[in-house]
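Worksheet for the structure shown next.
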Amino acid sequence: MTALLNNRYAIVAALAVVIAILPFTFPSSYYLRVASLVWVSAFASIGLNVLMGKAGQVSLGHAAFFGIGAYSTAIGPAHLGLPSWASLVIGACVSGLLAYLVGRPILRLKGHYLAIATLGFGVLVALVITTESRWTGGPDGMPVAKLTVFGWRIGTAYAWYWLSGAFLLLGAWIALNLDDTPTGRALLALHDSEVAARVVGIDVAGLKLRAFVIAAVYASIAGSLLAMMNGFVNPDLAGFQHSVELVTMVVLGGLGSIVGSIVGAAVLVVLPQALTVFQEYENLMLGFIIIVAMVFMRDGIVPMASKLIASAR
Amino acid sequence: MPDLNQFNRRAARCLLGFSILGLAICGPAYAAETIKIGSVLSVTGPASFLGDPEEKTLKLYVDKINAVGGVAGKKIELVVYDDGGDANKARTFATRLVEDDKVSAMVGGSTTGTTMAMIPVFEEAKVPFISLAGAIEVVDPVRQYVFKTPHTDKMACEKIFENLKLRTFTKIAMISGTDGFGTSMRAQCLKVAGNYGIQVVADETYGPRDTDMTAQLTKIKNTAGIQAVVNPGFGQGPAIVTRNYAQLGMSATPLYESHGVASKSFIELAGSAADGVRLPAAALLVGDKLPDTDPQKKIVVDYKQTYEASAKQPVSTFGGHAYDGLFILVDAMKRANSADSGKVRDEIEKTKGFVGTGGIVTMSPTDHLGLDLSAFRMLEIKGGDWTLIQPGS
């Protein structure tokens with residue numbers, strides 16, 4: 001099992017099978033919506049996992065990049081007359097550039113300074129989005145144009161399910177392949193020992209910066225997808241609470257595990273939906289389940305499960 | 001082929017896991033002999049002061065309606081989801097109501113943010129949606145399936161300006177909150193000020209969590225020729241403005257608050273500084289002080305007593321909006337004698353002379369709110385209580 005979790009072909013194939021089969025088990029398109037939300041959140045948390053699990057840095061303002069992506073697809077078509085997909089690309093570029101500018105001075109320092117810097121950055125971005133109401137519609141948000149690809153308007157729950165699923169597959173594939181690239185190997189070295197990595201000539205600051213930019217681009221694309229899927233954006237998407245949610249997905253699923261990010265996203269998206277039957281006790285139950293999960297599965301759900309299975313053999 | 005075997009097992013495990021999750025979100029099945037009305041409200045979170053009385057009101061009155069036989073011979077089944085004030089969650093619950101619960105209509109959407117996020121779902125599914133959110137953009141431009149019950153911020157501005165005009169004031173200052181409510185109302189006030197010959201000579205803002213507005217108010221105080229100050233705001237901000245206003249000795253200049261502070265907690269927070277403050281509000285706040293000839297008197301006194309007896313907390317206008325929404329919908333269902341979404345929509349649009357807590361509602365294809373300025377009463381706070389101002393003052 002542990003070996004299998006490292007086999008990227010098996011992971012992507014299993015994911016593809018799950019994505020392909022799942023819709024046939026759904027009684028209504030509400031489930032498609034929930035699944036699409038899982039895919040989009042998973043996409044963002046995979047990116048964040050590259051930063052947290054591999055480079056060992058925390059971003060507490062990651063929703064800012066999510067928000068930039070979301071608002072780029074809102075503002076691009078509405079104010080600048082750009083097509084939605086181009087806005088998605090521009091949003092990703094802006095997010096990457098901002099991450100570079102924020103990360104470059106900070107990641108030269110040792111320790112968790114990035115967490116503090118991103119915390120401030122996240123608050124700033126949310127503030128700008130809330131106050132620049134001429135562009136962003138202010139605290140109440142703004143509508144987003146539907147995505148059109150080659151004259152085909154993507155609006156149905158099915159279309160979004162397949163599109164978000166395809167993006168997730170692609171995102172997981174790239175993140176998994178990262179392990180075999182020079183960057184990925186250097187990240188592994190960094191993860192094991194920063195000092196040792198530095199001694200063998202790895203540019204530690206540059207590497208962390210690269211991971212941060214990758215994470216920002218992933219979040220931005222996820223934000224763009226969610227905005228177009230919802231047809232509406234508001235500043236909550238860039239808010240601190242959303243940042244915490246993204247970090248929780250990564251930690252709950254398992255640091256450094258790509259499958260873990262998907263599982264973490266699935267749990268955090270599906271659980272509140274499943275718990276609505278408890279009405280006012282919903283949040284209490286949600287908190288309780290997360291605490292129990294973190295106490296008994298300290299490494300996260302997926303690494304813990306694979307350890308259990310390995311020891312059972 | 002150990003790898004492939006393991007892979008198959010893994011895939012099976014994944015599928016099993018997902019189907020368990022799938023089962024978990026399947027609600028229990030209900031009998032078809034009910035009319036389903038859906039609601040997504042912000043019962044918890046920062047907007048719970050809206051969602052909580054709304055939920056209590058809906059549950060209370062649905063039970064009452066069912067106790068006397070329901071609508072068109074069928075009982076109402078109310079499905080409520082709590083979005084916690086999160087627009088993205090609201091949107092998912094809206095999809096759930098439409099696709100999974102298959103509701104006939106929806107009364108809900110506590111905030112403008114959640115309402116705007118849910119509108120596309122109901123428009124696409126052609127299910128009537130009566131919103132409980134304040135901003136005018138919910139019904140302007142008019143959307144086929146979207147209605148709302150609360151007064152708009154534009155009406156509040158007009159009501160205030162009408163009163164200012166009566167007192168022959170033309171130069172005013174505005175100090176607005178930068179939250180959703182304040183931003184929207186400030187924009188509406190600036191838009192309609194000209195219609196009443198009113199000039200906004202000072203325009204200040206404050207953040208929703210600011211704890212002192214002395215600086216902005218001092219600036220207003222030092223602007224020459226200001227005859228009145230208007231404060232479009234919500235929550236505790238306006239209470240601080242009111243306190244600072246008195247501390248700076250500005251009370252000689254009339255201060256107008258918005259309908260957003262129309263709750264007893266505002267008077268408690270602002271204390272004696274609130275004396276003499278004017279604001280537009282729904283009849284519900286002054287139910288017992290209305291003359292007996294007032295057409296709304298019976299409804300608002302009834303609602304106030306019923307709600308307070310059941311919820312054990314003071315009535316708020318927000319719960320009143322839910323009351324109006326529910327009964328506009330139920331009346332439309334009775335007239336249509338059906339729960340068919342299309343027919344109900346047509347009947348909601350034909351609502352005429354409906355007496356609610358918010359005012360007298362007459363809708364049309366171009367007006368999905370149906371209230372005019374008479375829905376607002378101009379109140380003045382005196383001795384820690386609301387009073388109706390004398391006509392013409």
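The mean count of C-beta atoms from other chains within 10 Å of the C-beta of residues in A:132-144, rounded to a whole number, is 5. For the range A:68-160, chymotrypsin sites (Phe, Trp or Tyr not before Pro) meeting the loop criterion (DSSP other than H, G, I, E, B) and having at most 16 other Cβ atoms within 10 Å: A:F150. Only Cα pairs under 8 Å and 6+ residues apart enter the sum, and on that basis the relative contact order of chain A stands at 33 percent. When Rg and the Kirkwood Rh are both derived from Cα coordinates, the Rg/Rh ratio for the range B:117-192 amounts to 1.09. Distance cut-off 31 Å, Cα to Cα: go down the list B:K36/B:K304; B:K191/B:K298; B:K165/B:K312; B:K89/B:K343 and report the pairs above it. In this structure, B:K191/B:K298; B:K165/B:K312 lie more than 31 Å apart at Cα.
Dividing the summed -39500 (n - 2.57) terms of all DSSP H runs of n ≥ 4 by the residue count of the protein assembly as shown sets its mean residue ellipticity at 222 nm at -17500 deg cm²/dmol. Note on A:L101: accessible area is roughly 110 Å² with a 1.4 Å probe, heavy atoms of protein only.
Look at the alpha carbon pairs under 8 Å that are at least 6 residues apart: their mean separation over the length of the range B:243-387 gives a relative contact order of 28 percent. Computed from the C-beta positions of B:K289 and B:T44 and an R0 of 45 Å, the FRET efficiency is 0.85 to the nearest 0.05. For the range A:158-225, the Cβ-based charge dipole about the Cα centre amounts to some 120 debye (Lys, Arg positive; Asp, Glu negative; other atoms uncharged).
Over all directions, how big on average is the projection of the convex hull of the alpha-carbon atoms in the protein assembly as shown, in square nanometres?
Averaged projected hull area, Cα only: 33.7 nm².
Using a Gaussian network model of chain A in which every pair of alpha carbons under 10 angstrom is joined by a spring, one finds that among A:F65, A:F278, A:F167 the greatest mean-square fluctuation is at A:F278.
Relative to the Cα centre, what is the charge dipole magnitude of chain B, using +1 at the beta carbon of each Lys and Arg, -1 at the beta carbon of each Asp and Glu, and rounding to the nearest 20 debye?
Dipole size: approximately 80 debye.
If you take the alpha carbon atoms of the range A:158-250 and fit the smallest convex hull around them, that volume is 109 Å³ per residue.
May I ask you to derive the relative contact order of chain B, considering only C-alpha pairs under 8 Å and at least 6 residues apart, and to give it as an integer percent?
The normalised contact order for chain B reaches 16 percent.
Farthest towards the positive end of the charge dipole of chain A, among the residues A:F288, A:I202, A:H62, is the Cα of A:I202, using unit charges on the Cβ of Lys, Arg, Asp and Glu. Here each label is just a point 7 Å from Cα along the line to Cβ, and for B:Q144 and B:E124 those points are 1.5 nm apart. In whole Å, what is the distance between the alpha-carbon centres of the range A:116-173 and the range B:332-362? With the range A:116-173 and the range B:332-362 each reduced to a Cα centre, they are spaced 36 Å. When chain A is treated as a Gaussian network with alpha carbon springs shorter than 10 Å, the biggest mean-square fluctuation among A:G253, A:G141, A:G165 belongs to A:G141. Largest first, the residues A:R198, B:R209 sort by 1.4 Å accessible area into B:R209, A:R198. What does the C-alpha gyration tensor say about the overall shape of the range B:290-342? Classify as rounded when a/c is under 1.5, otherwise prolate if a/b is larger than b/c, or oblate. It comes out oblate by the Cα gyration axes. At q = 0.20 Å⁻¹, what log₁₀ I(q)/I(0) does the range A:22-83 have when each alpha carbon counts as one equal point scatterer in the Debye sum? At q = 0.20 Å⁻¹ the computed log10 ratios are -0.88.
Solvent-accessible surface (1.4 Å probe) assigned to A:I154 amounts to roughly 10 Å². Cross-link reach is defined here as a Cα-Cα straight distance under 16 Å, omitting same-chain residues fewer than 8 places apart; for B:K219 the aspartates and glutamates meeting it are B:D203, B:E204. Each of B:G342, B:T387, B:T253 was placed along the dipole of the range B:250-393 (beta-carbon charges, centred on the mean Cα), and the one lying farthest toward the positive end is B:G342. Both radii are taken from the alpha-carbon atoms of the range A:1-106; with Rh as the Kirkwood radius, Rg/Rh is 1.05.
Note on B:V301 and A:D192: with the Förster distance fixed at 60 Å, the Cβ-Cβ geometry gives a FRET efficiency of about 0.25.
Accessible area ranking (1.4 Å probe, heavy atoms, ligands and nucleic acids excluded), largest first, for B:V40, A:V89: A:V89, B:V40.
Within the range A:185-233, which chymotrypsin sites (Phe, Trp or Tyr not before Pro) sit in a loop by DSSP and count at most 11 neighbouring Cβ atoms inside 10 Å?
none
With all protein chains in place and ligands, DNA and RNA left out, the 1.4 Å accessible area ranks A:R108, B:R243 as A:R108, B:R243, largest first. So, R0 is 56 Å and r is the distance between the beta-carbons of B:T218 and A:T148; what FRET efficiency does that work out to, to 0.05? Computed FRET efficiency for B:T218 and A:T148: 0.60. Please report the net charge: other residues with Cβ closer than 13 Å to the Cβ of B:K89, K and R +1, D and E -1. Result for the local shell: -3. Annotation for A:F24 and B:A309: the two label points, set 7 Å from Cα along the Cα-Cβ direction, are 5.8 nm apart.
Assuming charge only on the beta carbon of Lys and Arg (+1) and of Asp and Glu (-1), the dipole of the range B:264-362 about its Cα centre is about 120 debye to the nearest 20.
Sparsely packed loop sites in the range B:141-182 (the trypsin sites (Lys or Arg not before Pro) outside DSSP H, G, I, E and B with at most 14 other Cβ atoms within 10 Å) comprise B:R167. Of B:G113, B:G197, B:G359, the residue with the greatest mean-square motion in the GNM of chain B, using alpha carbon springs below 10 Å, is B:G197.
On a 0 to 90° scale, report how tilted helix B:153-166 is relative to the longest principal axis of chain B, with both axes built from alpha carbons and the result rounded to the nearest 10. Relative to chain B, helix B:153-166 is tipped by roughly 20 degrees. For B:Y206, the residues whose modelled amide H falls within less than 5 Å of its own, excluding neighbours fewer than 5 places apart on the same chain, are B:S176, B:G177, B:T178.
What shape does the range A:181-313 take by its C-alpha gyration tensor, where a ≥ b ≥ c are the square roots of the eigenvalues and a/c under 1.5 counts as rounded, a/b above b/c as prolate, and the rest as oblate? Could you put the intermediate results ahead of the total?
Details: a/c = 2.57, a/b = 1.34, b/c = 1.93.
In terms of gyration-tensor shape, oblate.
Taking a ≥ b ≥ c as the square roots of the eigenvalues of the Cα gyration tensor, the range A:11-239 is oblate, since a/c reaches 1.5 or more and a/b is not larger than b/c. Pairs of C-alpha atoms in chain B farther apart than 25 Å represent 58 percent of all such pairs. A simple packing score, the average count of other Cβ atoms within 10 Å per residue, orders the peptides A:50-61, A:32-43, A:288-299, A:186-197 as A:32-43, A:50-61, A:186-197, A:288-299, with the highest score first.
The values are calculated or read from the model by the stated rules, or taken from the named source; none is laboratory data. On a predicted model such as this, the values are computed, not experimentally measured, just so you know. Positions of Cβ are backbone-derived with ideal geometry, glycine not excepted, and every protein chain shown enters the neighbour counts. Side chains included, ligands, DNA and RNA excluded: accessible areas come from the protein's heavy atoms. Shrake-Rupley method; radii C 1.70, N 1.55, O 1.52, S 1.80 Å.
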